[in-house]
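Peer 1: Please see the structure below; I have some questions.
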Amino acid sequence: MRNIPLIVCMIFMFVRVRLSESFTSLVLCSRIPGLSPYQKQLCIDAPDAVVSLSAGQILGAQECQRQFKGHRWNCTQVWKRDMFGHIVIIGSREASFTYGITSAGAVHAITAACAKGNITTCGCDLKQKMQFSSESDSWKWGGCSADIGFGMRFTMKFLDAREIENDDRSLMNLHNNRVGRKIVKLMLRTDCKCHGVSGSCAMKTCWKSLPSFHAIGDIMMKKYRKAKLVQAISEVGKNNGQLLQLVLKRRGKLQHTSVNSLKPKRMELVYLQPSPNYCDRDIVSGILGTSGRQCNRTSLALDKCDLLCCGRGYNTHQIIRSWQCNCKFKWCCTVNCDICTEHTEEYTCK
């Protein structure tokens, strides 16, 4: 009976901590711009998962900029101030890549955080350990397999929640979000560790692990180049309601063609509008233009001044860089250095 006050006190402290965490989550989540009511509730329920998801969005944005470095459209300032809001860009091929890579980044970051124990509601993939190899195999499942299922489910619930308009752009975004999630799952690696006397590797323990995100970005870039132009058509759905869906855009009429045969493949990126040339600034469309961009006069790639500057010409800047060089230690106790200089030229588009 003496322990009753202590137990009551412990329960009170636990409830107070939980209420404090809930209040903190409520305050923090209410301050994040661009969240829908459903996203805000997800944030309150799982703030640690949302923190990882935001890191994944940044990871996707950085990879997007890496892949498009030197292009006229280079994936800078794609988002407004709200990282979780709609991406400001027309429904072009570049938009399809952007949604796909940020969705993949979110899955990758959340799954990695689960394995590290940074998210309270997930960890290692226990289902993987429950699978058994055949008796003849010299390996078994073990270790900490990536919980890709949790990463995909949470990313789908959170990012897809902003697509509520039920129009062609929402369908495009949902499709490309799914492609990004699926790519991460398909690219999971199987890593193994050997066991046995003197490194004989008589038995191996294997687990599923995440690939490098650069590898995911390379695959996404290949899909970007093969992305399909689509349009939305209305079909009669259940209860005679109108169902909007995406089909490949073809010249001519569609009535003699099966709708199912025109649906894009589930792992293809899709877009609604041909890409502009991205030469001129258009803030409404999210196009920054190439004026002021640094170019390479001697390059044969897309960053060549003639291509990047869209024929407008470029400015030449004389750059003088100085640094300490040929440093020598003199006993005792000084260091004497020469001053080296380098003259270079930089070119920026007019």
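Peer 1: Quick one: accessible surface of M156, probe radius 1.4 Å, all protein chains present, in square angstrom to the nearest 10.
Peer 2: 90
Peer 1: The range 309-350: D in µm²/s via Stokes-Einstein (Kirkwood Rh, Cα pairs, 10 °C, 1.306 mPa s)?
Peer 2: Roughly 121 µm²/s, to the nearest whole number.
Peer 1: Could I ask something else about it? Tell me, what HN-Hα J-couplings in whole Hz come from the Karplus equation 6.51 cos²θ - 1.76 cosθ + 1.60 at θ = phi - 60° for each residue of the range 267-274, using x for Gly and Pro?
Peer 2: Running phi through 6.51 cos²θ - 1.76 cosθ + 1.60 with θ = phi - 60° gives 9, 9, 6, 10, 9, 9, 10, x Hz.
Peer 1: To continue, here is another question. Spelling out what I want: for every residue of the range 287-297, take phi, set θ = phi - 60°, compute 6.51 cos²θ - 1.76 cosθ + 1.60 (Karplus), and round to whole Hz; glycine and proline get x.
Peer 2: 9, 8, x, 10, 4, x, 6, 7, 10, 10, 5
Peer 1: Could you please tell me the mean projected area of the C-alpha convex hull for the range 264-311, averaged over all directions and given in square nanometres to one decimal?
Peer 2: The directionally averaged projection comes out at 5.1 nm².
Peer 1: For C295, list long-range residues whose amide hydrogen, built 1.01 Å from N in the peptide plane, is under 5 Å from its own amide hydrogen.
Peer 2: Y347, T348, C349
Peer 1: Additional query: From the phi of every residue in the range 307-321, what ³J(HN,Hα) in whole Hz does the Karplus formula 6.51 cos²θ - 1.76 cosθ + 1.60 yield, where θ is phi - 60° and glycine or proline is x?
Peer 2: Values, residue by residue: 7, 5, 8, 6, x, 7, x, 8, 9, 9, 10, 8, 10, 10, 10 Hz.
Peer 1: Two-decimal Rg/Rh of the range 281-350 from alpha-carbon positions, Kirkwood Rh?
Peer 2: So for the range 281-350, dividing Rg by the Kirkwood Rh gives 1.33.
Peer 1: Per 0.36 nm of contour for each residue apart, how much would the distance between K328 and C201 grow if the chain were fully extended, relative to their Cα-Cα spacing?
Peer 2: That pair, K328 and C201, stretches by 40.5 nm at full extension.
Peer 1: Given R₀ = 41 Å, what would the calculated FRET efficiency be for A301 paired with K249, taking r from the Cβ atoms and rounding to 0.05?
Peer 2: The calculated FRET efficiency here is 0.85.
Peer 1: Would you mind getting me the FRET efficiency between M221 and Y38? Use the beta-carbon distance for r and R0 = 41 Å, nearest 0.05.
Peer 2: The computed FRET efficiency comes out at 0.80.
Peer 1: What is the diffusion coefficient of the range 171-214 in µm²/s, taking the Kirkwood radius over Cα pairs and the Stokes-Einstein relation at 4 °C with a viscosity of 1.567 mPa s?
Peer 2: 100
Peer 1: Okay, next question. Quick one: if the Förster radius is 25 Å, what FRET efficiency do Q273 and T76 give, using the C-beta to C-beta distance and rounding to 0.05?
Peer 2: The calculated FRET efficiency here is 0.80.
Peer 1: Run the numbers for L186 and K116: contour at 0.36 nm per residue of separation, minus the present Cα-Cα distance, in nm.
Peer 2: Fully extending the segment from L186 to K116 adds 23.1 nm.
Peer 1: Still on this structure, please answer the following. Past 27 Å, Cα to Cα: identify those pairs from K69/K228; K223/K350; K116/K182; K185/K228; K222/K249; K69/K223, in the order given.
Peer 2: Pairs exceeding 27 Å: K223/K350.
Peer 1: Pull out the extension gain between Q318 and K127, defined as 0.36 nm times the separation in residues minus the alpha carbon to alpha carbon distance; nm, one decimal.
Peer 2: 62.6 nm
Peer 1: Something else now. Sticking to Cα atoms, compute the Rg of the range 149-196 to one decimal and its Dmax as the biggest Cα-Cα distance, whole number, in Å.
Peer 2: 15.7, 59
The values are calculated or read from the model by the stated rules, or taken from the named source; none is laboratory data. Bear in mind that the values here come from a model prediction, so they are computed numbers and not experimental data. Note that each Cβ is placed from the backbone with ideal geometry, even for glycine, and that neighbours are counted across all protein chains shown. Each accessible area value is taken on the protein alone, full model and side chains, heavy atoms only, with ligands, DNA and RNA left out. Shrake-Rupley method; radii C 1.70, N 1.55, O 1.52, S 1.80 Å.
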